[in-house]
Each structure stands twice: as C-alpha cells, then as structure tokens.
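> Mind having a look at this structure? Questions to follow.
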C-alpha cells in the first residue's frame with residue numbers, strides 16, 4: 001500500500017510543486033509553517049482541488065487533472081486527524097466515533113469500536129460531549145473517529161501542535177502504535193524535529209512549496225544539507241536498543257556497536273528505540289577528552305561539512321550506519337582542520353537528551369495487519 | 001375564550017392560525033434549501049436568486065398581491081391549472097396561505113441563512129472526509145447546528161404570516177370564514193359603526209400571539225443552543 005502524489009498549486013506568495021511517494025508507515029511532511037504541507041494533505045483529502053497533478057492511493061486514482069478525475073472527499077476514504085480535532089459538538093463521543101462507520105462500505109473490515117476505544121483509552125468518555133473533554137482527550141477521540149471510518153490512508157495535520165508538552169507526550173505513543181500496527185500509509189504533517197524523529201518512517205522535507213529531500217527518516221534527518229527549520233532546530237535520529245538500566249537513574253543504549261548513556265528510559269531492556277539528538281548539543285574533539293563530565297564520547301568519522309551563511313558549520317558524523325549532526329563554528333572547524341574522513345570524537349551530555357526526544361523504535365515486521 | 005370572542009372574530013382567529021401554520025410548514029423545506037444554497041454555494045445568478053427571494057420584503061404588498069392574482073387567479077396560468085386539479089387558490093383560504101408564505105419567505109430565508117453561515121465549514125469538511133455526501137452533511141451537521149436559527153426563522157415567519165394584510169386582501173379579498181384573517185377582520189370591523197369593540201379584541205389576540213411566538217422562539221432557540229454547546 002502506498003500513495004503517490006504529484007501536484008502543482010498556486011498559493012499566495014509561492015507555487016506548490018511537489019512529487020513524492022508515501023510508502024506504508026508514517027511519511028512526515030516536514031517543514032516550516034507555510035511551506036505548503038497542509039495544502040498537500042488537503043489535496044489528498046479532496047478538500048481543495050489542485051491546479052494540476054495526480055494522486056493515486058493504493059492503485060485508486062483520486063485525482064488526475066489530465067484525465068479530469070477528481071473523486072469527491074466523501075468517497076476517498078481518508079481518515080483525517082485535524083490539528084483542531086473538529087469533533088462534532090452536537091454529538092456524543094460515541095456518535096462522533098461512529099460517524100464515519102455509517103458511511104464506510106458494507107462489509108468493510110474496520111476495527112471494532114471496542115478495540116479502538118480500548119487502544120485509545122477513551123471508554124469512560126463515550127457518553128460525554130466534546131465540549132467537556134480536555135485537549136488530549138479530544139485529540140484521542142479524533143484519532144479514533146478517523147480510524148473507525150476504515151480509511152485507505154490516514155492524514156494527520158499537526159495533530160499535536162495545539163497541545164502542551166504533557167498532552168503531546170500523551171498522544172505521541174498512539175501514533176507510534178498506529179505506525180507499527182496499521183498497514184495503511186500515514187501522511188503526517190509536522191514542524192517539530194523531535195516528533196519527526198520519533199514517528200517517521202519516511203521524511204519529506206519541504207521548503208516554499210518544493211521537496212528538498214525525501215527518504216528514510218534517519219537518512220534525511222542526518223543530512224546536513226536538509227535543515228528545513230534552520231540550523232538551530234537541526235538534529236539527527238539514531239536507532240538504538242535498550243541495553244541495561246542502571247541503579248543511578250541512567251540507561252545504556254546500544255547503537256552500531258557504540259554505547260550511549262542517557263537518563264533512564266521507560267522501555268524494557270532489548271526494545272528498539274529512536275533517539276533524536278540536536279546538532280547544538282554535540283561537541284567535537286580531535287583527541288579523546290579526559291576528565292570531563294559528559295558521559296558519552298563516541299569515536300566518529302567526519303562525513304561531510306556544510307557551511308551556512310552565518311558563523312556556523314554543520315558537520316555530519318558517522319559511526320557504523322548511524323549519522324549524527326554537530327553544529328560548531330567555522331572557526332572551530334578550521335582550528336580542528338575538519339575534513340571528510342577525519343577520525344574524531346563526538347561528545348554528548350546525557351542530560352541534554354530530553355525524554356520527549358526518545359520514542360519507541362520502528363518494528364516494520366509488525367505492520368502486517370490491515371486494521372489496528 | 002370562544003365566549004369572549006364573537007363567532008365572526010373567532011372564525012378570523014382560527015383561519016389566521018390555519019393559514020399561518022400551513023404557510024410556515026410548507027415553505028420551510030424550500031426556505032432551508034434556498035438558504036443553504038445562498039449560504040454555501042457560489043454560482044452565476046446567485047444575486048438574482050437573492051434578489052427574487054427578498055423582493056416581497058421590499059415591494060409594496062399590494063404589488064405582490066396583484067402579481068399573485070395575475071398568476072394564480074382563475075384566469076391566471078397557474079391558477080387555471082390548480083383549479084382543474086381541484087386545488088383552487090383564488091378567493092380561497094389556500095390562497096391566503098400562499099400569499100402569507102410568499103410574504104414571510106424572505107424573513108425565514110434570512111434567519112436560516114445567517115444561522116447556516118454561522119456553522120463552521122471546517123466541521124462540514126471533516127464530515128466529508130468521513131464519507132458523508134453533501135446531503136448527509138446537511139442533515140447530520142449543518143441542520144442540527146443551525147437549528148436555533150431555523151426555529152427562530154420559522155416562528156418569525158409564522159408571526160409575519162399571521163399579520164399579513166396587503167398581499168392577502170389584494171389576492172384573495174376579504175371573505176368572512178374563507179379568506180378573512182385577523183388583520184382583514186380588524187380592517188373590516190373598523191369600516192362598520194359599532195365594530196370598534198370587536199376590532200379591539202382582535203388587536204389583543206394579535207398582540208398575545210406575537211408575544212407568545214417571540215417568547216417560544218427565544219426559549220426553543222436557547223434550549224437548542226444549550227444542547228449544541230454540550231455538557
């Protein structure tokens with residue numbers, strides 16, 4: 001199952017012109033506000049009609065300007081989770097959840113209500129009305145409503161953006177479960193790097209209506225040339241496995257033969273994890289530093305350097321197949337004589353990795369069932 | 001009540017209630033459709049439709065009544081046809097209902113249109129992504145959310161229909177028991193010596209009906225709005 005999108009659309013100020021394929025798993029459209037992310041998702045949902053292009057979902061043509069095809073929204077079978085939830089205020093939570101079920105084709109194999117309700121932990125809310133729900137509860141009901149309409153693709157337009165950090169931490173795991181348990185592709189709009197690192201199978205970075213990079217999450221995030229939110233928000237994603245939990249509140253993670261010490265993670269030993277490491281938090285040294293407080297000193301190879309307009313340089317580092325980004329000054333890069341191929345050390349403070357930058361790792365083999 | 005009102009006055013009140021009821025009930029579906037089209041669709045000729053709907057509000061009622069007479073009178077094209085199928089409207093209470101419906105229509109459409117425009121189109125878009133067709137979106141989202149305004153519009157139209165005079169008297173005349181509604185009866189009573197008392201009683205009835213309609217619509221709209229807000 002996959003979605004292919006090619007579209008051109010004129011927006012105020014710039015032209016949207018993109019082409020990409022979203023395979024199974026979570027494909028994140030990543031970029032600044034106003035880069036055209038929401039427009040793409042709305043075009044897939046049929047809420048706007050692009051000037052030109054072609055959208056194909058799992059072999060079904062949803063839109064083709066050349067052939068004059070434009071399937072109406074109601075028959076596209078998308079499950080759309082909006083940023084502002086958009087629950088129907090005059091219906092109970094149960095009625096909201098079952099709204100899409102009414103219109104799903106007969107004999108469709110959507111997951112039963114009980115299962116979705118249990119997965120999202122909203123059983124106690126069923127008789128309530130949306131006005132009485134908290135932000136996190138509202139968004140969980142919105143996710144359930146989208147899933148219960150038996151969608152062929154799930155669209156999520158910054159579903160966490162309106163929530164505070166605690167609520168984000170509450171909802172993000174549900175999307176991680178969806179990624180691993182639902183076979184339909186998920187197109188997810190975000191402008192938060194840590195969120196992307198935790199969720200994305202595929203990342204498509206957008207700048208002013210154009211695709212800058214597309215590919216596997218670790219690869220695109222670790223690319224020093226693709227920093228759609230600017231260098232300050234850049235960072236790389238490492239896939240690791242929980243090694244051991246220690247009595248002093250730390251956990252050790254194994255990644256590509258190296259060991260990372262981080263504040264204790266809740267996942268049990270042996271579980272796969274994703275860790276997002278901000279480029280600003282990584283320090284570089286040409287010799288292995290002694291007597292420093294930072295717990296993580298990794299031998300790495302310089303892969304690439306990218307000079308920006310300012311005083312900074314983005315350095316891509318590799319150990320095994322993993323990629324790290326470090327943002328240092330040009331002056332330091334020159335003093336250290338950094339060139340691709342140089343063997344150096346990356347230094348990372350354990351406490352600089354925030355809990356919300358660590359999420360469940362992707363286990364693609366689990367994503368075989370149709371329904372969540 | 002029947003003792004207090006004379007038989008002629010009572011007939012006028014009963015007829016007015018009947019006329020206003022049918023005028024409101026039968027024009028409501030059309031008003032819903034027109035209001036929805038005006039609120040949510042863009043098409044060439046929208047301003048023309050809007051103008052046509054509002055025409056009875058602006059035209060002198062006697063002009064509207066005369067046009068109705070030309071179209072629906074026994075000699076008129078539509079009137080002759082209705083006469084043949086056994087549904088006469090000229091000088092008949094059904095004609096009074098038609099005149100009242102036409103005159104009340106702009107008020108009803110206005111109130112409903114405003115309430116439909118107040119429904120968040122993003123909710124309708126959400127319903128579309130969940131598989132609801134336009135018709136289902138209207139029935140399950142737009143209509144219930146616009147309900148307070150629809151109730152207000154219907155009751156406003158009912159009150160207007162109760163009080164319609166100019167178009168009614170021009171179109172279907174002033175026949176006691178057939179087309180003599182409360183305003184026509186008041187007018188008739190004022191033309192004859194000693195009719196003043198009857199006229200006063202009908203004036204009081206008119207005020208009571210109008211106040212009752214306003215209070216009822218407020219109460220219903222508030223209840224509907226409360227239900228919408230949830231909790």
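> Compute the Cα gyration tensor for segment B:76-231, then decide on rounded, prolate or oblate, letting a ≥ b ≥ c be the square roots of its eigenvalues: rounded whenever a/c is under 1.5, prolate when a/b is larger than b/c in the other cases, and oblate in all that remain. Intermediate values should be presented prior to the final figure.
Working: a/c = 4.10, a/b = 1.72, b/c = 2.38.
The shape class here is oblate.
> Right, here's the next one. From other protein chains only, count the Cβ atoms within 10 Å of every residue's Cβ in B:120-127, then give the mean.
Details: counts 3, 0, 4, 6, 1, 9, 17, 7.
Neighbouring Cβ atoms belonging to other protein chains average 6 per residue here.
> Counting only helical runs of four or more DSSP H residues, what would the 222 nm mean residue ellipticity of the protein assembly as shown come to if each run contributes -39,500 (n - 2.57) and the total is spread over all its residues? If you can, show how the numbers build up before the last one.
Numbers: 19 runs with 254 residues, N = 603.
Value at 222 nm, helices only, nearest 500: -13500 deg cm²/dmol.
> Where is the GNM fluctuation largest for chain B (alpha-carbon springs, 10 angstrom cutoff): B:113, B:122, B:40?
Most flexible of the set in this elastic network: B:122.
> Oh, and also: For segment A:235-360, list log₁₀ I(q)/I(0) at each q in 0.11, 0.18, 0.22 Å⁻¹, using the Debye formula over Cα point scatterers of equal strength and ignoring solvent, two decimals each.
Ignoring solvent entirely, the Cα scatterers give -0.37, -0.93, -1.30.
> Using a Gaussian network for chain A with springs between C-alpha atoms less than 10 Å apart, which of these wobbles most: A:337, A:280, A:152?
Its mean-square fluctuation being the largest, the pick is A:337.
> Using mean Cβ contacts within 10 Å as the protection proxy, how do A:174-182, B:167-175 order, highest first?
Working: A:174-182: 20.2, B:167-175: 22.8.
Ranking the peptides A:174-182, B:167-175 by packing returns B:167-175, A:174-182.
> Continuing with this model, one more query. Expressed as a whole percent, how much of the Cα-Cα distance distribution for segment A:80-176 exceeds 21 Å? Don't jump to the answer; show the numbers that get you there.
Details: 1202 of 4656 pairs.
Above the 21 Å cut-off, segment A:80-176 has 26 percent of its Cα pairs.
> For chain A, calculate the relative contact order in percent as a whole number, restricting contacts to Cα pairs under 8 Å that are 6 or more residues apart.
The normalised contact order for chain A reaches 18 percent.
> Still on this structure, I have one more. Using every Cα-Cα pair within segment A:55-112, state what percent have a distance larger than 14 Å. Mind dumping the intermediate values first?
Values: 1115 of 1653 pairs.
Every Cα pair in segment A:55-112 considered, those over 14 Å come to 67 percent.
> Could you state the angle between the C-alpha long axis of helix A:165-181 and the longest principal axis of the C-alpha atoms of chain A, as a value from 0 to 90 degrees rounded to the nearest 10?
80 degrees
> Regarding segment B:145-220, what are the three Cα extents along the principal axes, ordered largest first, in Å?
51, 26, 17
> Moving on to the next point. Given N residues in the protein assembly as shown, what is its alpha carbon radius of gyration divided by 2.2 N^0.38 Å? Intermediate results must be reported in sequence, preceding the final value.
Values: Rg = 34.3 Å, N = 603, 2.2 N^0.38 = 25.1 Å.
Ratio of Rg to 2.2 N^0.38 Å for the protein assembly as shown: 1.37.
> Using a 10 angstrom cutoff on alpha carbons, build the Gaussian network for chain A and name the most mobile of A:293, A:271, A:134.
Of A:293, A:271, A:134, the Gaussian network model singles out A:293 as fluctuating most.
> Relative to the longest principal axis of chain A, what angle (0 to 90°, nearest 10) does the C-alpha long axis of helix A:93-103 take?
So the inclination is approximately 70 degrees.
> What translational D, rounded to a whole number of µm²/s, comes out for segment A:3-227 from Stokes-Einstein when the hydrodynamic radius is the Kirkwood one over Cα pairs, at 25 °C and 0.890 mPa s?
Values: Rh = 17.8 Å.
This corresponds to a translational diffusion coefficient of 138 µm²/s.
> Something else now. What is segment B:63-149's relative contact order, in percent, from Cα pairs under 8 angstrom and six or more apart in sequence?
Details: 57 pairs, mean separation 17.2, N = 87.
Relative contact order here is 20 percent.
> Go through A:73-83, A:230-240 and give me the packing order, highest mean Cβ count within 10 Å leading. Before the final figure, lay out the partial values.
Numbers: A:73-83: 24.2, A:230-240: 20.4.
Output ranking for A:73-83, A:230-240: A:73-83, A:230-240.
> Given N residues in segment B:1-127, what is Rg(Cα) / (2.2 N^0.38 Å)?
1.31
> Now, a different point. Give me A:57, B:208 sorted ascending by neighbouring Cβ count inside 10 Å, so fewest comes first.
B:208, A:57
> Taking Cα pairs under 8 Å and at least six residues apart, what relative contact order does chain B come out at, in percent? Let's see the in-between values first.
On the way: 292 pairs, mean separation 67.7, N = 231.
It comes to 29 percent, rounded to a whole number.
> Still on this structure, I have one more. For the Cα atoms of chain B, what angle does the longest principal axis make with the long axis of helix B:93-117, in degrees from 0 to 90, nearest 10?
With rounding to tens, the tilt is 30 degrees.
> Let me ask something else. Take every Cα-Cα pair in segment A:96-144 and report what % of them are more than 13 Å apart. Write out the running numbers ahead of the final one.
Details: 674 of 1176 pairs.
Across segment A:96-144, Cα pairs with separations above 13 Å total 57 percent.
> Additional query: Per residue of A:68-77, count partner chain C-beta atoms within 10 Å of its C-beta, then hand back the mean as an integer.
If you average over the peptide's residues, the count of other-chain Cβ atoms is 3.
> Then there is this: Taking beta carbons within 10 Å but only from partner chains, what does the mean come to for residues B:135-148? All intermediate terms of the calculation are to be shown ahead of the outcome.
Working: counts 0, 4, 2, 0, 0, 7, 5, 0, 0, 4, 3, 0, 1, 0.
Partner Cβ neighbours, averaged per residue: 2.
> Then there is this: Can you divide the C-alpha Rg of segment A:113-258 by 2.2 N^0.38 Å and report the result to two decimal places?
1.20
> Under 1.5 on a/c is rounded, so check that first for segment A:1-97, then, if it is not, pick prolate when a/b is larger than b/c and oblate when it is not; a ≥ b ≥ c are the square roots of the alpha carbon gyration tensor eigenvalues. Walk me through the intermediate numbers first.
Values: a/c = 1.68, a/b = 1.39, b/c = 1.21.
Note, shape of segment A:1-97 comes out prolate.
> Neighbouring Cβ atoms within 10 Å as the yardstick, rank A:149, A:33, B:27 fewest first. Please list the in-between numbers first.
On the way: A:149 26, A:33 10, B:27 23.
Placing the least packed residue first, the sequence is A:33, B:27, A:149.
> Let a ≥ b ≥ c be the square roots of the eigenvalues of the Cα gyration tensor of segment B:122-184; is it rounded (a/c under 1.5), or, if not, prolate (a/b larger than b/c) or oblate? Spell out each step's value before the answer.
Numbers: a/c = 5.38, a/b = 3.69, b/c = 1.46.
Prolate, since a/c reaches 1.5 and a/b exceeds b/c.
Here, each number is a calculation from the coordinates, and none is a lab measurement. For clarity, every value in this text was computed on a predicted model and none was experimentally measured. In this analysis, Cβ positions are derived from the backbone assuming ideal geometry, glycine residues included, and neighbour counts consider all displayed protein chains.
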